[in-house]
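K.L.:
First the structure, then my questions, so here it is.
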Amino acid sequence: MTLDAKIPSGPIEKKWDKHRFDLKLVNPANKRKYDVLVVGTGLAGASAAASLAELGYNVTALCIQDSPRRAHSIAAQGGINAAKNYPNDGDSVWRLFYDTVKGGDYRAREANVYRLAQVSVNIIDQCVAQGVPFARDYGGYLDNRSFGGAQVSRTFYARGQTGQQLLLGAYGALSRQVEKGKVRLLARREMLDLVVVNGKARGVIARNLVDGKIERYAAHAVLLCTGGYGNVFFLSTNAANSNVTATWRAHRRGAYFANPCYTQIHPTCIPVAGENQSKLTLMSESLRNDGRVWVPKKKGDTRAPNDIPDAERDYYLERRYPSFGNLVPRDVASRAAKKACDEGFGVGPTKLAVYLDFRDALKRVGAETIKEKYGNLLDMYHHITNEDPYKVPMRIYPAVHYTMGGLWVDYNLMSTVPGLFVLGEANFSDHGANRLGASALMQGLADGYFVIPSTLGGYLAAGGIEAVGTDAAEFSEAEAAVNARVSKLLAVKGKRTTLEFHRDLGRLVWDHCGMGRTEAGLKKLLTAIPELRERFYKEVCVLGGGMEFNQALERAGRVADYLEFAELLALDALERRESCGGHFREEYQTPENEARRDDENFAHVAAWEFKGDGKAPARHVEPLSFENVHLTQRSYK
Amino acid sequence: MTGTIDITLKVWRQKDAASAGGFETYEAKGVSTEMSFLEMLDVVNEDLQKKGRDPIAFDHDCREGICGMCSLVIDGRAHGPDGGQTTCQLHMRRYKNNDVITVEPFRAKAFPLVRDLVVDRCSFDSIMQAGGYVSVSTGQAPDASVLLIPKHKADSAMDAAACIGCGACVAACPNASAMLFVAAKVSQLAQLPQGGPERERRVLNMMAAHDEAGFGACSNEYECEAVCPKDISVSHIARLNREYLRALALGPGEHQAASGAG
Amino acid sequence: MNTCDRLKNSSIGKKQVVALTGLALVGFLVSHLAGNFLMFKSAEAFDTYAEFLEHHPLIIPAEIGLAAFFLVHIVVGLKVFVENRRARPTRYEVESSTSGQPYAARWMGYTGSLTLIFLIVHITTFKFLGPEGEGASLFSWVMFCFRNPLYSLGYVGAMVFLAIHLAHGIKSAFQTLGVSHPQLTPLIEKGGVVIALALTAGFASLPIWALTRGG
């Protein structure tokens, strides 16, 4: 199978308009004849479900939590980018496009990114109309802040809760369609398999998490909006329920998995404090607008931070990257922090932390202003660490945050399984090898509000989708497979808990496929993962039954899939013999320790095809051509 | 700063809505004070599973205080003793050696129990579906800068919009009323011009859904405000009351009359 | 549902009915107390006033109206109280208050009910019992009753319950009617308590005065 991204011809500014004109339309009266299944109700899923229902499609939305309002999009703090150029500082669609491609270390598809930048302006309009309370100035106009990887202020924000407010906007739109009877919303449902009939995605098998019943859902098209796979690292900023199962199961049914090695390590998280820590907490990148990152100049300096005079502090980001300073992109900032700690300049009890200091900003603008901008974040830090960031510099360290890789999709957001569309973080398309801050919200909503309503119609209108009910043999086969997996997990009756296996896996993946990756480490990982998987199926302990509310069983299924997925992640990292964005291979770096790309051999998307259990997956390549952006060594100096 | 403590937990266990429930006691030894409350429960659950006993079911997700998934009434207080935070943000450093901690689920007729400490809060979704939004379809929006909203109004709307829908207000209210939850959304949209066209209809329908779900009436005891993790003020409830009176006076508007809803 | 149904059936509507009738009843209490204070002036002043009220042509409609306010306040208030208890079928093992609000709020149903019992006794005593006909002095009858320490004690006790009821009731009514203002609300909250205490002190002063006045 060749990977055809279906990028429309013509100049980049015209591609999307031209494409929308070329796509076939579904007659308004016919839309209600189509059933669409949306799995996941975060920004991408909720916005897609609402927008499609508004158009007239019959939508069924599955949500893993008890309400769509809890999807992990809610935790995004800092903001959402849009090329509005309200501050008059030289922004444009072109600049947002350019920054995003460059920020992604030239590993994203130009056409997708341009479209993203184009619709970014509509997203802000839409959200304001929904009543999202974005920050405003005294004149009543919208306020902007700056974010990493950009030299313009294009980030719209709602205090430190932008993701929450945008999600609640989309949730509101979704709720409105539920009320109208156009969306059937099913909470506490977890997709456990994709059903493919005659080569097309026609439904899913889901488990009702309340009573354990395995349920079948059929539709004319399936949209996966199930987020990223950051929890393969066990400790990440992701929510506990975030998992790879939906995308992994789709992958096993034929959807190619693209660039799994592109994982983003966020530079500003609260450092790990103890053995039993269950998650890492992000401190928004927006803090780097006013906070200054530093370590002591002297190795192993144990003085209290406020006792270290300026002359003995190394503001290493400002020193190394004078033009971007503290606002370098995430991958750069994370590696710089790791380097400082690796060299022995780390601070705090574990020495795996650097300071993020608000002292100067507090002096310059006062505590009130800082509180207004970041109050809830600083309070959150205070709650967790028991240290007051208004008095003592915060300690931060990088942590896994976002995954740029995901299911391969074409320009229409359709995967290699016809009828299976993938939106938001679950797909791979727009961020290349590194995502810029405040772009995830933009992409999730772009996909859901503005892209899928056009492209799904094109797929459905093209025809050839015969009637399929949940009584089809393929549904029975998939349901039987799900039941078999559940029984298998319950039958092991071992002595080790799922959590222990997850923690083991996380440690392995973080050590060998985290911020720095080497060939030797990855090879070691590739032997260690199958061993751990084998142990898992011999020793895991999952109590209770399948037909009941059983959180241990839920987790076991997810960890089982991570144990398979992690191998693909390691393999992709091994095969990509270059450094780019979030993928840093120690062997490939510049003398200044920056990522060294190999555009000659790796300016492509690696999309993996599942070939069966115990068989090596096949690596397919979608070459990336850059006609509008000039490939350069990324520099933020 | 770091230390360990021994604690005794009294936890409500109930297999499902149909079964009878009761308290069970667990000893947790050597709990690190750096752990969060939920991490402490993780450790207790690990221990239970190793002994072949079912782990305690409790809801949680983001573990950073924003998703609203975690719940629990700890020693009689929703989200624990401190107020202004969620259970996932509560840390064991708050407790002393040999403390006995009673953990119960959120109790309300409108929040039926699912298992152990897990309850079903979909009645909140029903309230939102009744009108907790601005009826704007994708693509209809004018340019964002057309609408000018004074900073203090945007800020006050944001204060209300910060609600995470956790249900602590209901859990803490002696009447299991969800007025603070409804007020948060009504107040947000009542203060913004976007919410204007549906103003009367929204408050009437959301309150009808509130009552329908079996939540009680507000008796102004302000327990909700005291436990709200986002410090949402009861002044928003006053605004909700005002909006309700206003809607009673003005009527729900033609739209609703035509659709026969309400 | 129309406006009337909403007032009758919705949780806020019912509360607003209770709040409005409650505030009106506070108004009545103020005027009632003013009348009572005539006892301090002289027996004649009080009896003349009682006479005047009794023979006023509007007294019957006024009493019906007042009774209606009481009835609505009591019936709807108790309905809300019962419904509120039903909203939490399973109580908590550990009950606590986080708000720091006094329990007055939680006891509204009880303090209200006790006040109702008082009301029945009170109306029976001073409206239906006592001397009838020409020359009968309400003043003497009141003094007679109040000089019974048991009656006075019950009266003063009821006034304490009324104070607890009003201490929460007045400020609560304003909140329920949507009156909330950063500067005004603290004044209303304090004012409500002051009015509650003043009314109670005023009413209770009569039996105490009667008891201590001697002979």
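The values are calculated or read from the model by the stated rules, or taken from the named source; none is laboratory data. A quick note: this is a predicted structure, and the numbers were derived from the prediction, not measured. Counting neighbours? That spans all protein chains shown, and the Cβs are built from the backbone with ideal geometry, glycine included.
K.L.:
Determine which single condition residue A:48 fails, assuming it passes every other condition in (1) within 13 Å of chain B (Cβ to nearest Cβ); (2) at pLDDT 95 or above; (3) farther than 20 Å from residue A:163 by Cα.
P.N.:
Evaluating residue A:48 over (1) within 13 Å of chain B (Cβ to nearest Cβ); (2) at pLDDT 95 or above; (3) farther than 20 Å from residue A:163 by Cα leaves (3) as the failure.
K.L.:
Among the candidates A:498, A:470, which residue alone is under 25 Å from the mean Cα position of the chain (by Cα), of a type in the set (S, T, N, Q) and farther than 30 Å from residue A:577 by Cα?
P.N.:
That would be A:498, the only listed residue that is under 25 Å from the mean Cα position of the chain (by Cα), of a type in the set (S, T, N, Q) and farther than 30 Å from residue A:577 by Cα.
K.L.:
Within the range A:466-503, which residues are buried (at least 18 other Cβ atoms within 10 Å of the Cβ) and in a loop (DSSP other than H, G, I, E, B)?
P.N.:
Matches in the range A:466-503: A:468, A:472, A:497.
K.L.:
Tell me the residue from B:46, B:39 that is closer than 29 Å to residue A:163 by Cβ and within 7 Å of chain A (Cβ to nearest Cβ), please.
P.N.:
Only one candidate passes the filter, namely B:39.
K.L.:
Since residue B:48 meets every condition but one in (1) modelled with pLDDT under 95; (2) within 15 Å of residue A:552 (Cα to Cα), which condition does it not meet?
P.N.:
Status for residue B:48: all satisfied but (1).
K.L.:
Looking only at the range B:111-146, filter to residues that are at the interface with chain A (Cβ under 7 Å from one of its Cβ atoms) and of a type in the set (D, E, K, R); which one of those is surrounded by the fewest Cβ atoms within 10 Å (Cβ to Cβ)?
P.N.:
B:143
K.L.:
Does residue B:57 satisfy being outside any strand (DSSP E or B), over 30 Å from residue A:350 (Cβ atoms), modelled with pLDDT of 95 or more and touching a His at 6+ places or on another chain (Cβ under 9 Å)?
P.N.:
Considered against the rule, which asks whether it is outside any strand (DSSP E or B), over 30 Å from residue A:350 (Cβ atoms), modelled with pLDDT of 95 or more and touching a His at 6+ places or on another chain (Cβ under 9 Å), residue B:57 comes out as no.
K.L.:
What strands (runs of 3 or more DSSP E) completely inside the range A:164-242 contain at least 2 residues that are among the small types (Gly, Ala, Ser) and more than 14 Å from every other protein chain (Cβ to nearest Cβ)?
P.N.:
A:200-208
K.L.:
What are the residues in the range A:58-72 that are more than 10 Å from every other protein chain (Cβ to nearest Cβ) and within 14 Å of residue A:173 (Cβ to Cβ), if any? Give the derivation first.
P.N.:
If we filter the range A:58-72 for residues that are more than 10 Å from every other protein chain (Cβ to nearest Cβ), which is where we start, we get A:58-62.
Passing the criteria: A:59, A:61.
K.L.:
So residue A:319 fits all but one of (1) assigned by TED's automatic domain parsing to the domain that holds residue A:379; (2) in contact (Cβ under 8 Å) with a residue 12 or more places away in the chain; what number is the exception?
P.N.:
It fails just one condition, (2).
K.L.:
Kindly check whether there is at least one residue in the range A:20-27 that is among the polar types (S, T, N, Q), assigned to a loop (DSSP other than H, G, I, E, B) and within 19 Å of residue A:458 (Cβ to Cβ).
P.N.:
yes
K.L.:
What are the pairs, 6+ residues apart or on separate chains, where a residue within the range A:4-23 that is under 15 Å from residue A:430 (Cβ atoms) and in contact (Cβ under 8 Å) with a residue 12 or more places away in the chain has its Cβ under 6 Å from a residue that is aromatic (Phe, Trp, Tyr) and surrounded by 17 or more Cβ atoms within 10 Å (Cβ to Cβ)?
P.N.:
Note: pairs meeting the criteria are A:5/A:411; A:7/A:411; A:12/A:114.
K.L.:
Right, here's the next one. Mind checking which helices (runs of 4 or more DSSP H) fall wholly inside the range C:119-215 and carry at least 3 residues that are within 14 Å of chain B (Cβ to nearest Cβ)?
P.N.:
C:149-176, C:184-213
K.L.:
Could you tell me whether the range C:156-163 includes any residue that is surrounded by fewer than 19 Cβ atoms within 10 Å (Cβ to Cβ) and under 30 Å from residue B:177 (Cα atoms)?
P.N.:
yes
K.L.:
Follow-up question, since we're still on this one. Might you check whether a residue that is in a helix (DSSP H, G or I) and under 15 Å from the mean Cα position of the chain (by Cα) occurs anywhere in the range C:47-57?
P.N.:
No, the range C:47-57 contains no residue that is in a helix (DSSP H, G or I) and under 15 Å from the mean Cα position of the chain (by Cα).
K.L.:
Given the condition within 14 Å of chain B (Cβ to nearest Cβ) and farther than 24 Å from residue A:573 by Cα, answer yes or no: does some residue in the range A:311-334 qualify?
P.N.:
Let us first name the residues in the range A:311-334 that are within 14 Å of chain B (Cβ to nearest Cβ), namely none.
No, the conditions are met nowhere in the range A:311-334.
K.L.:
When you check residue A:122 against the structure, is it facing chain B (nearest Cβ under 8 Å) and touching a residue at least 60 places away in the same chain (Cβ under 8 Å), yes or no? Reasoning before the result, please.
P.N.:
Details: facing chain B (nearest Cβ under 8 Å): yes; touching a residue at least 60 places away in the same chain (Cβ under 8 Å): yes.
In short, yes.
K.L.:
In the range C:9-47, what count of residues is obtained for those that are farther than 21 Å from residue C:119 by Cα and loosely packed, with under 14 Cβ neighbours inside 10 Å?
P.N.:
5
K.L.:
Next question. Quick one: residue A:426 ticks every box in (1) over 21 Å from the mean Cα position of the chain (by Cα); (2) away from chain B (no Cβ under 14 Å) bar one, so which box is it?
P.N.:
Going through (1) over 21 Å from the mean Cα position of the chain (by Cα); (2) away from chain B (no Cβ under 14 Å) one by one, residue A:426 breaks only (1).
K.L.:
While we're on this one: Counting only residues that are modelled with pLDDT under 90, surrounded by 15 or more Cβ atoms within 10 Å (Cβ to Cβ) and not in a helix (DSSP H, G or I), which one in the range C:62-111 is farthest from the other protein chains (Cβ to nearest Cβ)?
P.N.:
The residue in question is C:107.
K.L.:
Restricting attention to the range A:569-592, which residues are loosely packed, with under 14 Cβ neighbours inside 10 Å and either without any contact (Cβ under 8 Å) to a residue 12 or more places away in the chain or farther than 19 Å from residue A:526 by Cα (or both)?
P.N.:
Within the range A:569-592, A:590, A:591, A:592 meet the criteria.
K.L.:
Output the residues belonging to the range B:189-209 that are within 7 Å of another protein chain (Cβ to nearest Cβ) and within 29 Å of residue B:80 (Cα to Cα).
P.N.:
B:207
K.L.:
Counting only residues that are assigned to a loop (DSSP other than H, G, I, E, B) and not small (Gly, Ala, Ser), which one in the range B:152-188 is nearest to the other protein chains (Cβ to nearest Cβ)?
P.N.:
Of everything passing the filter in the range B:152-188, B:175 is nearest to the other protein chains (Cβ to nearest Cβ).
K.L.:
Let me ask another. Quick check on residue B:88: is it within 23 Å of residue A:187 (Cα to Cα), not assigned by TED's automatic domain parsing to the domain that holds residue B:178 and not in a loop (DSSP other than H, G, I, E, B)?
P.N.:
Taking the combined requirement at face value, the residue satisfies it.
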